[in-house]
Amino acid sequence: MEELLFSLQLVKFGVLAGILLGISLSLTSPFLILKKNALFPHALTHVLFFAIIFTTAFSNYISSYLEYPVIICLTLFSVLGILILNKYFKLYEDTATSIITHLALGLALIVAAKTNLYDARLLSYLFGSLVTVSQKDFYESIIVLLLSFAFFYKFYPLWTAQITDKEIPGINFKWANSFYLVIITLQIIIGIKLMGILLISAFFVFSGSCALKLASNFKLAIIYTAFLNILGILGGTLISVFWDLPFSGSVVVFMSFYFLFFVVSKFLNNNRRI
Amino acid sequence: MNQTIIQVKDLSFAYERHLVLKNINLEVKKGDFLAIIGPNGGGKSTLIKCILGFLKPLKGEIYLWGRRLKDFKDWYKIGYVPQRAGDLVESLTPLTVKEFLSMPSKWYKKTIHPAIKDLLIEKFGIKDLLNKKLGALSYGQLQRAYIIRALILEPELLILDEPSVGLDFFSQDAFYKTLGEFHQKGLTIVLITHETWLLTKWVNKVACINQTLFFHGDHESFCVLSSKPEFFSDYHKIEHLHW
């Protein structure tokens, strides 16, 4: 028991940041699923990987206050690249996204190799770790949560509008979509520390898709997503600490049980009706 | 004299280098019930998308209530139902019909009058569906929800792009009867349709578009013109114009 408490003490900032991230994500992830863009965060992580490697490699020249703006600018620049390929080269959006994200990943590996970042740090970027989440990261996750609430409050009508309409007379989605991109970029930056580049996008999909199946209205869908995300963080932490397993993998395996639970309960319900 | 609500002057539009609309001039006056007809690919939906500002014309001007399109701000005066609206909603969508109907008030920051809302819900028969999720509705029920949403802020102009596709004959008849009632009360309606049987019943103006506007006038003149065989050869001829 003492060992468990000691372990939990070590990961307390990670768990707290994870809980706040789980709430933040509940305000954005349902929209991605409904717009059939569930793989977009995964693509974005590749671009962010390059941005993070770039700012880390050149940290001597970039002030710590400028790290986030530089990361966001590089991300927006990549999205602009996707738009250019889509509009001027007439490539499908997913093809253009694939090209830009792979280019970003390739560049990231070259920068990492040439700047001595090709070591244990690379692994922590790829797979995340609860232990490496610091008090500073926890405070940043509070800011991201507050920003998520603010953007959600401001743009909720336009984010939901894009679920049911492609175009609305007199309504321009440009700002709503730009802020949406900024907030999911910030959420992913926080999430990468916890879950790593390879698994953070699972947070955008697992709970959200279960919640959308369960909820009878949009508000409940958001509440359920937050609840299932928090449950995933806590469940994943316990599995990880008890069996000494990687945190990100434990969370994903724990959240996959949601689907198993729903499939079994649906099967039992159907049998009961027969 | 009736106020001009839509004025389209010498409008041309091209997708890439393929000219879809060529020198269109069109006027819609207050109280008109205009049907826009024409073959598939003739540019009907494109014209509507230009009028609503979704597409940028190659040349020409569009005026709404006498204001140039780029200066027009009162978009709440327009209700719009897109083509195949029912297909836009995915089965996972958790929005309830009630939440869906309240969306325009948030977009345009206008209040919905409860009496109007109740009247529309009653007229289109969706009272029992209000707490249902959009994803659980049938195609016909979704179409009705979109139409109610377009009418909920009491617009002066209603634009419908093939709204009755997917509805059975009796639902179509009931739907157009209801539209006719709103028209009688002063609503201006622009309707894209392929169902020409409707024209004799509800519509008072007709515009035929096949890249160019080759007829625009009242319903009686249209009936005279459409009885001539050469009309249909024009109707179906699509030139592949390039600019």
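All of the numbers you see were taken from the coordinates with simple rules; none came from a lab. The model shown is predicted, which means the values in this text are computed figures rather than measured ones. Here the Cβ is made from the backbone with ideal geometry for all residues, glycine too, and neighbour counts use every protein chain on show.
List of remarks:
- Among B:Ile192, B:Ile148, B:Ile112, the residue with the largest mean-square fluctuation in a Gaussian network model of chain B, with springs joining Cα atoms closer than 10 Å, is B:Ile112.
- 10 °C / 1.306 mPa s Stokes-Einstein diffusion coefficient of the protein assembly as shown, Kirkwood radius on C-alpha pairs, µm²/s: 61 µm²/s
- Exposed-loop-free span, longest in chain A, where chymotrypsin sites (Phe, Trp or Tyr not before Pro) count as exposed if DSSP calls them loop and at most 10 other C-beta atoms lie within 10 Å: A:93-274
- Global geometry of the range A:1-156, whether rounded, prolate or oblate, following the gyration tensor of its Cα atoms and the 1.5 cut on a/c: oblate
- Each listed q (0.21, 0.25, 0.28, 0.29 Å⁻¹) maps to a log10 I(q)/I(0) for the range A:196-266 from the Debye sum over equal C-alpha point scatterers, namely -0.87, -1.10, -1.23, -1.27.
- Between B:Ala174 and B:Arg67, the FRET efficiency estimated from the beta carbon spacing at R0 = 41 angstrom works out to 0.70.
- For B:Asn2 and A:Lys174, the FRET efficiency from 1/(1 + (r/R0)^6), where r spans their Cβ atoms and R0 equals 35 Å, is about 0.45.
- Theoretical gain in end-to-end length, A:Ile110 to A:Asn37 [0.36 nm per residue, Cα-Cα removed]: 23.4 nm
- Across all directions, the shadow cast by the convex hull of chain B built on its C-alpha atoms averages 13.8 square nanometres.
- Within a Gaussian network of chain B (alpha carbon springs, distance under 10 Å), most fluctuating of B:Gly166, B:Gly86, B:Gly42: B:Gly166
- The B:Lys9 and A:Tyr153 beta-carbon pair, evaluated with R₀ = 25 Å, returns a calculated FRET efficiency of approximately 0.05.
- Radius 13 Å from Cβ of A:Leu16, net charge of other residues (Lys, Arg +1; Asp, Glu -1): +1
- The shape of chain A can be summarised by an equivalent ellipsoid whose semi-axes, obtained from the alpha carbon gyration tensor, come to 29, 27, 17 Å from longest to shortest.
- In sequence order, calculated HN-Hα J values of the range B:165-171 (Karplus, 6.51, -1.76, 1.60; Hz; x Gly/Pro): 4, x, 9, 6, 4, 5, 5
- Positive-pole candidate from B:Tyr63, B:Ile48, B:Ala150, dipole of the range B:46-173, charges at beta carbon: B:Tyr63
- Alpha-carbon centroid distance for the pair the range B:1-29 / the range A:6-22, whole angstrom: 61 Å
- Net charge dipole size for chain A [Lys, Arg +1 and Asp, Glu -1 on Cβ; Debye, nearest 20]: 800 debye
- Among the lysines of the range A:2-273, pairs that are 8 or more positions apart or on different chains and have alpha carbons within less than 18 Å of each other number 15.
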